[in-house]
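Working notes, beginning with the structure itself.
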Amino acid sequence: MKKTLREKMIDLYFKINPISFKSGTKKLLTSTDGIGDNIVRQKILNEFLEKFGEDNIIVMCKDKTVPFLKKIGLKNIYVYTDAHRKTTKGKISLIKDIANLGINEIISLEFDQHDIYIKYLKDVGKITVENKHHPKMNEYYHEVFKRDDIYVMKDILRFYNEYFFKKLTLQDMRPTLNDIYSKDEKYSDFLSVGVGSMDRKRMLSPEKFKDILIGIAKSNLFKGIVLLGKGELEKKFIDELKKELDFKEYGILDLTNSLSLDETIQIINSSKMYLGVDSGLYNFAFGLNKKIVGVFTSNTQFNHSQYNGIEIVIPEKIDSLKEEYFGNGKINSVDPLEVIKKVEELL
């Protein structure tokens with residue numbers, strides 16, 4: 001109801017105050033909210049930079065993705081806020097700002113664009129990937145690329161090849177972040193472990209993680225284990241894990257909530273292998289071409305198991321009916337021995 005009313009108010013505003021477009025040759029890329037989503041689109045972003053030049057590319061994104069986008073070479077960045085998405089005044093301001101950027105084309109890289117601001121930008125070309133979650137949005141674009149919705153990298157590959165008239169393979173589309181992040185050799189024989197996720201239900205319970213970490217520590221496959229992540233969920237998780245596990249006894253180094261993002265990625269880049277759940281750090285490990293063991297609730301389109309060197313563990317059945325703060329009955333039914341076995345097989 002609120003969204004419909006807001007749209008009617010914006011319709012009325014621009015009927016009274018028609019949009020004045022600034023002509024230009026720039027391209028506006030509307031980016032996804034999550035860092036991981038931008039990581040998997042790195043090859044697309046870099047191709048835009050190479051083909052059109054940094055002065056002609058503007059990326060619209062959330063503030064948390066700015067450091068990564070700058071890291072890969074993007075300079076012109078427009079940060080949109082919650083107000084731009086949730087308030088009438090903010091949406092009007094956003095539409096006016098975009099109209100004044102001097103663009104001739106908008107390319108949505110979100111694959112799930114659901115903000116009606118795009119409706120009002122009629123004097124520029126608009127391209128997107130088929131939106132299956134909010135199909136009404138497709139009608140506001142001039143060109144809509146088909147989407148398989150089976151594996152995100154296949155959708156990215158299709159967009160890349162069709163937009164740039166290329167014939168790259170799925171392997172070609174894997175992000176390559178190694179050269180833009182340094183290494184710290186003291187972690188070269190460590191297992192790096194991402195403990196968190198944006199969604200606590202994608203995480204493992206501390207009890208289950210404890211069993212996995214003890215088993216790996218006892219295998220003597222690594223010089224040590226380093227725990228990584230940042231946020232309130234990670235803090236709560238570590239507090240609970242410490243009740244279950246003596247970190248010092250098992251050679252576990254807890255660096256959660258004590259490093260910058262760059263320092264965290266540096267350790268992942270240095271490590272022998274990465275273990276984690278569905279998260280931004282998981283996608284960084286993917287982009288750094290690390291050997292990865294991931295624990296997932298289901299075979300989602302985001303686990304990258306189609307690439308060599310990535311092993312996914314998905315519990316076949318629900319063993320636990322216990323209500324957990326972290327995770328769910330499915331992911332917390334994972335067999336720690338299966339996870340440890342996957343780690344051993346990848347080394």
Seminar exercise, completed: If we take segment 8-111, then helices (runs of 4 or more DSSP H) inside it with 3 or more residues that are over 18 Å from I127 (Cα atoms) and free of Cβ contacts under 8 Å to residues at least 24 places away in the same chain are 82-86, 88-99
For this session: Search segment 222-243 for residues that are β-branched (V, I, T) and pair each with any residue that is in a helix (DSSP H, G or I) when their beta-carbon atoms are under 7 Å apart and the residues are at least 6 apart or on different chains.
Result: I225/L213; I225/I216; I225/A217; V226/Y187; V226/I267
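Just checking, does segment 153-161 include any residue being at negative phi and in contact with a Ser or Thr (Cβ under 7 Å, 6 or more places away or on another chain)? So that I can check it myself, show each step before the final result.
Start the filter on segment 153-161 by keeping residues that are at negative phi, which leaves 153-161.
Add one more test, that the residue is in contact with a Ser or Thr (Cβ under 7 Å, 6 or more places away or on another chain), and what stays is none.
Within segment 153-161, not a single residue is at negative phi and in contact with a Ser or Thr (Cβ under 7 Å, 6 or more places away or on another chain).
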Exercise. Quick check: is even one residue across segment 157-168 within 27 Å of M273 (Cβ to Cβ) and either in a loop (DSSP other than H, G, I, E, B) or of a type in the set (A, V, I, L, M, F, W, C) (or both)?
Worked result: yes
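Name the single residue, out of those in segment 173-217 being aliphatic (A, V, I, L, M), under 20 Å from the mean Cα position of the chain (by Cα) and not in a loop (DSSP other than H, G, I, E, B), that is farthest from V339 (Cα to Cα).
Applying the filter and picking the extreme gives I180.
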Problem set entry | Residue in segment 324-339 that is surrounded by the fewest Cβ atoms within 10 Å (Cβ to Cβ), counting only those that are under 21 Å from I238 (Cβ atoms) and out of contact with any Leu (no Cβ under 8 Å at 6 or more places or on another chain) | Y325
For this session: Inspect all residues belonging to segment 101-122 and state whether any of them is at pLDDT below 90, closer than 18 Å to D37 by Cβ and among the basic types (K, R).
Result: no
Exercise. Restricting to segment 229-258, what's the tally of residues that are farther than 18 Å from Y282 by Cβ, of a type in the set (A, V, I, L, M, F, W, C) and in contact with a Pro (Cβ under 7 Å, 6 or more places away or on another chain)?
Worked result: 1
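Suppose the filter is modelled with pLDDT of 95 or more and open to solvent by 50 Å² or more (accessible area, probe 1.4 Å); does D211 pass it?
When the stated conditions are applied, D211 passes them.
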Problem set entry | Among residues of segment 175-197, those that are open to solvent by less than 10 Å² (accessible area, probe 1.4 Å) and over 29 Å from F326 (Cα atoms), counted | 2
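Does I57 count as modelled with pLDDT of 95 or more, crowded, with 17+ Cβ neighbours inside 10 Å, closer than 22 Å to Y141 by Cα and in contact with a helix residue (DSSP H, G or I) (Cβ under 9 Å, 6 or more places away or on another chain)?
Details: modelled with pLDDT of 95 or more: yes; crowded, with 17+ Cβ neighbours inside 10 Å: yes; closer than 22 Å to Y141 by Cα: yes; in contact with a helix residue (DSSP H, G or I) (Cβ under 9 Å, 6 or more places away or on another chain): yes.
Taking the combined requirement at face value, the residue satisfies it.
The values are calculated or read from the model by the stated rules, or taken from the named source; none is laboratory data. Since we're looking at a predicted model, the values are computed, not measured. Here Cβ is always computed from backbone atoms with ideal geometry, including for glycine, and neighbour counts include all displayed protein chains. Quick note on the areas: whole protein, heavy atoms, side chains included, nothing else; ligands and nucleic acids left out. Shrake-Rupley method; radii C 1.70, N 1.55, O 1.52, S 1.80 Å.
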